[in-house]
1. Looking only at residues in segment 152-165 that are open to solvent by 30 Å² or more (accessible area, probe 1.4 Å) and part of a helix (DSSP H, G or I), which one is nearest to V48 (Cα to Cα)?
2. Given (1) farther than 30 Å from T37 by Cα; (2) in contact with a strand residue (DSSP E or B) (Cβ under 7 Å, 6 or more places away or on another chain), where does A403 come up short, assuming only one miss?
3. I need a count of the residues in segment 456-471 that are more than 15 Å from the ligand (Cβ to nearest atom) and either open to solvent by less than 10 Å² (accessible area, probe 1.4 Å) or under 16 Å from T389 (Cβ atoms) (or both).
4. I need a count of the residues in segment 518-542 that are farther than 28 Å from Y388 by Cα, surrounded by 14 or more Cβ atoms within 10 Å (Cβ to Cβ) and not β-branched (V, I, T).
5. Being open to solvent by less than 20 Å² (accessible area, probe 1.4 Å), among the polar types (S, T, N, Q) and more than 15 Å from the chain's Cα centre (by Cα) is true for just one of T73, T114. Which residue is that?
6. From D148, D116, grab the single residue that is out of contact with any Phe, Trp or Tyr (no Cβ under 6 Å at 6 or more places or on another chain), acidic (D, E) and modelled with pLDDT of 95 or more.
7. For segment 377-399, give me the residue count where each residue is surrounded by 24 or more Cβ atoms within 10 Å (Cβ to Cβ), more than 10 Å from the ligand (Cβ to nearest atom) and assigned to a loop (DSSP other than H, G, I, E, B).
8. Quick one: how many residues across segment 69-97 are more than 16 Å from the ligand (Cβ to nearest atom) and over 25 Å from A51 (Cβ atoms)?
Amino acid sequence: MTRGLAVAVLAILIALGTTSAQRPDRPPTDATGTKGTVVAVSPPAVDVGVAVLKGGGNAVDAAVAVAFAEAVTYPAAGNIGGGGFMVVHPPKGSPVVFDYREMAPKASHPKMFTKDDTWFMHKAVGVPGTVRGLALAHKKFGSKPWKDLVLPAVELAEKGFVLDDAIARSLNDFVKGKGASKEAVRVFGKDGKPDWKGGDRLVQPDLAVTLRRIADGGPDAFYTGPVADLFVAEMKSGNGLITKDDLAAYEAKERPAIHTTYRGYDVYGAPPVSSGGVTLALMLNMLEPMDLKAKGRWSPQTLHLLIETMRRAYAERARYLGDADFVAVPVAKLTSKDFARELAKTIDPDKATKSEELAKDIPLAKEGDSTTHFGVIDGSGLAVSNTYTLENSYGSGLVVRGAGFLLNNEMADFNWFPGVTDRTGRIGTEPNQIAPGKRMLSSMTPTIVAKDGQVRLVTGSPGGRTIINTALQVVLNVVEFDMPLREAVDAPRLHMQWFPDQVRFEGVAAHAEAVKRLEAMGHKVTSHRQGDAHSIAVDPKTGTFVGAADRRILGKAAGY
Ligand code: DON
């Protein structure tokens, strides 16, 4: 596209007020299908997922295959050395969540980090959950042999895959950045250098061997077998805390999904230790009686109510949320309509509340930038919403020597400094302090919306604490504002997380008048880019699936 044309398209899209205004030059990557649809950040992984569906696999089979494939083709966040949450909506029966969040090793303790520690250290690594989590989901719902779902990833690692410009750039940035270990530079550099170009092929022989071991030996190959030995050797080389016992003790858990309703829709999300499902439910319950549609999607009033709802919900998140296997999290209260409605009553319709006025009981004294979300649905109506991460982009930057995979730095998601909650957004409250075997609080919000038992929307996002607000706005755009999926995904998003006391908005230019009004109400508004939300919607009339990859990043939707 010429520059002139791009500017013209941008102007039209801004005038329509419906785009993120991030990459309007990118064509929408939508797909429709009736038998199956997959949407994810990595095109080769989407192809793997579609091939599994076409070969007779179901949505969970495809999701397992996509997750392993992305561990090869999207190393910034796709992983076997990290963790995440998978929400599964079966055609009949209750949705469930596979919690494969990392766990703190046995030798960890609340004050193990000092202010001089960095995220690139062996002790920032949590015990990974991905391989056990995928195996648990497969055991419950899978229909194809496990091996068949891991082998496509083996092939991508062994034979390599062609880098697009974005992945090439991302690898180069990683390799020349300060976070990449020597081994990571060897594995992810082009002959050890940040010289990748779009069209080059990345081959990962060590990772291929690891994945083949997992294909042949199942999850035990990772947690107790030969991969575990390499893992522990890596830990020992850098004073890491994870032992063979920690790996052997890792448990993925199947849990009931968090559930709320919004105007007759059922909304399902991930339970604690994710804060995503609970905080999303709280916000939806606060907003439900407000009739935002009548106020207009981009009116200052609607934006103000969204911001004030977010501010309050995130304060509750900081106060209460942590690993419910360790601390009492009042889930029933936080997801109840009554609690939400009482909290919403504290909103002044004309004025921003100061974040400091909320949660005065919390004594006052950052998150990484890569996670990835994908969705799958099959012809039976089985749907998967999966978000997983290494925490930072490329996690700790550490690659297990000889095993070819990156390690997370998820310990950074615990409250590093007990008691230190500050105006910059650092949280030090008790529920999320480190303890051996505990899972660290997450914002990952894989979400499924259904009506009368039929899936209507599958969504989720990366972006640290912004994730929950991204999911909220995609859900509202579809169910409250009746936007078609493409418009719902493209629409500018805003973010407020209690502290820092500021609003970040993708629509500052497109909605300048509304922003002026918000500022007059006392909001501090800045511009930013929020995370991508690859999503699937189902047309209730025809049953057709619509997949929309988010243009904020590269991605692909494919259906048939
Ligand atoms: O679990 C969490 O909430 C974070 N580890 C997610 C980090 C993240 O999304 C960074 N991404 N863009």
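The values are calculated or read from the model by the stated rules, or taken from the named source; none is laboratory data. Treat the numbers as computed from the prediction; the structure is a model and nothing was measured. Positions of Cβ are backbone-derived with ideal geometry, glycine not excepted, and every protein chain shown enters the neighbour counts. We work out accessible area using only protein heavy atoms, side chains counted, and drop any ligands, DNA or RNA first. Shrake-Rupley method; radii C 1.70, N 1.55, O 1.52, S 1.80 Å.
1. Checking each candidate, the answer is P152.
2. Going through (1) farther than 30 Å from T37 by Cα; (2) in contact with a strand residue (DSSP E or B) (Cβ under 7 Å, 6 or more places away or on another chain) one by one, A403 breaks only (2).
3. So the answer is 2.
4. Total satisfying the criteria: 5.
5. T73
6. D148
7. The total comes to 4.
8. Residues in segment 69-97 being more than 16 Å from the ligand (Cβ to nearest atom) and over 25 Å from A51 (Cβ atoms): 5 in total.
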